[in-house]
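Report on the following structure.
The values are calculated or read from the model by the stated rules, or taken from the named source; none is laboratory data. This one's a predicted model, so the numbers in the text were calculated from it and none came from an experiment. For neighbour counting, all protein chains shown are included, and Cβ atoms are generated from backbone atoms with ideal geometry for every residue, glycine included. The accessibility values were calculated without ligands, DNA or RNA, using every heavy atom of the protein model including side chains. Shrake-Rupley method; radii C 1.70, N 1.55, O 1.52, S 1.80 Å.
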Amino acid sequence: MSRFPQVFTAAAADIDELGHVNNAVWVAWIQRLAIAHWEAVAPPEHRAAYIWVVTRHEIDYRGNVGVGEQVTGETWVPEPPRGARFDRHVRFVGGDGAVKVQAVTTWALLDRATGRLLRVRDEVAAPFLD
């Protein structure tokens with residue numbers, strides 16, 4: 001499986017009243033990481049023709065991250081798609097090596113022009129599966 005990393009730094013605006021990254025920010029980072037992976041790996045004709053939408057997030061919060069701290073997000077797609085959907089795995093690891101957040105998110109493929117749900121063809125999935 002092709003793993004894709006990206007570094008995130010917690011800004012003051014990301015911190016909630018408990019002094020750590022807010023849950024909504026983690027969801028936004030998951031989406032940013034997934035989009036960056038798509039844009040880095042998918043060929044231009046696929047990026048022009050298709051768009052993805054999240055249908056489910058399952059997130060486990062395992063540790064806290066404060067302002068100025070960095071985490072490395074990593075995402076991968078371990079299994080072939082099922083119809084129009086596939087599961088994307090995500091993990092954020094802090095500078096201390098501890099997993100802070102991990103998630104499995106389900107994404108569905110849409111035709112960019114019509115917004116209609118599409119079956120994920122092998123050539124669309126292949127760059128993500130190794």
- Message: Being of a type in the set (Val, Ile, Thr), free of Cβ contacts under 8 Å to residues at least 60 places away in the same chain, under 19 Å from ASP111 (Cα atoms) and out of contact with any helix residue (DSSP H, G or I) (no Cβ under 8 Å at 6 or more places or on another chain) is the requirement here; does ILE35 meet it?
- Response: yes
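Every residue, every condition in (1) of a type in the set (Ser, Thr, Tyr); (2) part of a helix (DSSP H, G or I); (3) free of Cβ contacts under 8 Å to residues at least 40 places away in the same chain, yes or no:
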{"site": "GLN6", "(1), (2), (3)": "no, no, no"}
{"site": "GLU17", "(1), (2), (3)": "no, no, yes"}
{"site": "ALA24", "(1), (2), (3)": "no, yes, yes"}
{"site": "VAL27", "(1), (2), (3)": "no, yes, yes"}
{"site": "GLN31", "(1), (2), (3)": "no, yes, yes"}
{"site": "ALA40", "(1), (2), (3)": "no, yes, yes"}
{"site": "ILE51", "(1), (2), (3)": "no, no, no"}
{"site": "HIS57", "(1), (2), (3)": "no, no, no"}
- Note on the structure: Within the stretch 61-78, the count of residues that are of a type outside the set (A, V, I, L, M, F, W, C), open to solvent by 70 Å² or more (accessible area, probe 1.4 Å) and in contact with a helix residue (DSSP H, G or I) (Cβ under 8 Å, 6 or more places away or on another chain) comes to 1
- Message: Exactly one of these conditions fails for GLU74: (1) closer than 21 Å to ALA28 by Cβ; (2) free of Cβ contacts under 8 Å to residues at least 60 places away in the same chain; (3) among the acidic types (Asp, Glu). Give me its number.
- Response: (2)
- Note on the structure: If you go through VAL54, VAL27, VAL67, the only one that is of a type in the set (A, V, I, L, M) and in contact with a Phe, Trp or Tyr (Cβ under 7 Å, 6 or more places away or on another chain) is VAL54
- Query: Which of the residues that make up the stretch 16-60 are open to solvent by 30 Å² or more (accessible area, probe 1.4 Å), more than 19 Å from ARG91 (Cα to Cα) and either touching a strand residue (DSSP E or B) at 6+ places or on another chain (Cβ under 7 Å) or hydrophobic (A, V, I, L, M, F, W, C) (or both)?
  - Reply: LEU18, ALA48, ALA49, ILE51, TRP52, VAL53
- Applying the selection to the stretch 84-123, what residues are in contact (Cβ under 8 Å) with a residue 60 or more places away in the chain, part of a strand (DSSP E or B) and open to solvent by 80 Å² or more (accessible area, probe 1.4 Å)? none
- Query: For ALA126, are the conditions met, namely being farther than 25 Å from ALA12 by Cβ, in a helix (DSSP H, G or I), modelled with pLDDT under 95 and small (Gly, Ala, Ser)?
  - Reply: yes
